[in-house]
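Read through the structure below, which is laid out as structure tokens, and then see the notes.
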């Protein structure tokens, strides 16, 4: 059996350290390149987007707006739900990173471009809104309470 000298052990250890050092250099290079690539990609996370749902209930009118910003440029649809009532808009393109949808029972607002809903659409003073892009990515808002206007 052959015994290893201190010099031989040192050489083996030195080669091992050089191997680890070269691996770390390659690993660092690959990690840095991957990080640079990821950071250069456009933000495409739905979590970065914001949705705001506002609603108003009057004795003869229901009004809901669904607005989104910090969105991925795409075509979006809005879905509103209140009680058993649901209304879904047609898709339309975002403008930059923003989009807005208005739902209303007032015929003047509908004539101006709002999506028609019934005056009794808002049930129990609460509405939930959602934005859906053409790839079926969804942004939800927790239910919001309607501003009640006694007129």
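Just so it is clear, none of the values below were taken in a lab; they were calculated from the coordinates. Here the structure is a predicted model, which is why all the values come from computation and not from measurement. FYI the Cβ positions are ideal-geometry reconstructions off the backbone, even for glycines, and counts take in every protein chain you see.
Computed quantities for the displayed model
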item	result
Relative contact order %, the stretch 51-151, counting alpha carbon pairs below 8 Å whose residues are six or more apart	36
Listed peptides 114-124, 56-66, 85-95 by packing density, highest first (mean Cβ within 10 Å)	56-66, 114-124, 85-95
Stokes-Einstein D (µm²/s) once Rh is taken as the Kirkwood radius of the stretch 41-123 over alpha-carbon pairs, at 20 °C in 1.002 mPa s	158
Label point 7 Å beyond Cα of residue 110 along Cβ direction - residues of the stretch 119-137 with amide nitrogen under 18 Å	119-123
For the stretch 82-123, alpha-carbon Rg and Dmax in angstrom	11.8, 34
